[in-house]
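Presented below is the structure to which this report refers.
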Amino acid sequence: MPLIEIQLLMPREGLDAWSDALLAAGALSVAIEDEDSATDQELARFGEPGAPAEDPGWRNNRVTVLVDESDDVQALLREAALSIGAGAPTIVRRARLDDRDWVRQSQSQFAPIRIGQIWIVPSWHTPPEPSSACVLRIDPGVAFGTGSHPTTQLCLAWLDQHRPLRARVLDYGCGSGILSICAALLGAAEVVGVDIDAQALRTAQDNAQRNGVHAQYTSVECLAADASRRFDLVLANILANPLVLLAPTLVRYLAPGGAIVLSGILERQIEAVTDAYRQADPRLRLGVFGIEQGWAAIVGRRGSD
């Protein structure tokens, strides 16, 4: 079935209502992304521990809508606008997507990925032969984390070089669970993953079961309710803005002598993130672990109390 993809630019106000109205008017899907992503205007949207996220959306939202080719796009937009008492939005891009085997095409984009002795292998591929390899079976899903992004690969490279044997590990913003599952496969004694997205938690739990490891996945609120929790390793592959704001929280979970790995940071944001964690805990010895394609990972080690 050929599809039409249209893109709209919308403000944050009324974004939920627009999404519901477009689907009710006949749209097959509605996806919302930050138009300012990877620019100086990038705005992270997230919930703090113990507090709900603010209204959904960013300052400038790129809304991608898929409709059947047989549908009247302008009529669909007018109907959606009328239902919420708004003016019809302006289409900034329109493209025809030819009929094709979307499943096969999607699968072809995800080949096994190797980072040191760690392999990320989709279920439709055969795992590598070497018995020494650490193999994660991860399928692309709705949660972030397939191992293809430089920020994730930097974290995996650190885990490959610093295996968390018998460590207590916290994966803050776990997404698909790829980092926490890898830590468990590499010998961690306890693994906890937290996220603000319930779907991500379900995906992570399913992936953990697929890989035959035990990990606990929970909300940030549940983790915050136990102020005594401490971890030997804290992993946070998020974005620079939330990492800065979360510095006191993440440092609080770090045990004496523990390590913290921070990723999702653009090169130009290294200083701001490093300064935030030095202020949160002067005992942290911080440095840049690596830089890939403009993205950086920062690693810190906490001194003993």
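Under the condition of being modelled with pLDDT under 90, surrounded by 13 or more Cβ atoms within 10 Å (Cβ to Cβ) and not in a strand (DSSP E or B), the residues counted in the stretch 60-85 number 2. Restricting attention to the stretch 219-239, does a residue exist that is more than 27 Å from Arg268 (Cα to Cα) and within 16 Å of the chain's Cα centre (by Cα)? Among the residues of the stretch 219-239, at least one is more than 27 Å from Arg268 (Cα to Cα) and within 16 Å of the chain's Cα centre (by Cα), which makes the answer yes.
Report whether or not Cys174 is under 14 Å from the mean Cα position of the chain (by Cα), assigned by TED's automatic domain parsing to the domain that holds Val288 and part of a loop (DSSP other than H, G, I, E, B).
Against the criterion (under 14 Å from the mean Cα position of the chain (by Cα), assigned by TED's automatic domain parsing to the domain that holds Val288 and part of a loop (DSSP other than H, G, I, E, B)), Cys174 qualifies.
Leu254 meets all of the listed conditions (1) modelled with pLDDT of 95 or more; (2) over 21 Å from the mean Cα position of the chain (by Cα); (3) surrounded by fewer than 20 Cβ atoms within 10 Å (Cβ to Cβ) but one, namely (3).
There is at least one residue in the stretch 87-103 that is farther than 19 Å from Ala21 by Cβ, in a helix (DSSP H, G or I) and modelled with pLDDT under 90.
Cβ separations smaller than 8 Å between residues 6+ apart or across chains give the following pairs from the stretch 278-305 residues that are in contact (Cβ under 8 Å) with a residue 24 or more places away in the chain and within 13 Å of Gly257 (Cα to Cα) to residues that are part of a loop (DSSP other than H, G, I, E, B) and not small (Gly, Ala, Ser): Arg302/Asp281; Arg302/Arg283; Gly303/Arg283.
The values are calculated or read from the model by the stated rules, or taken from the named source; none is laboratory data. Predicted model only: the values in this text are computed from it and were never measured. Positions of Cβ are backbone-derived with ideal geometry, glycine not excepted, and every protein chain shown enters the neighbour counts.
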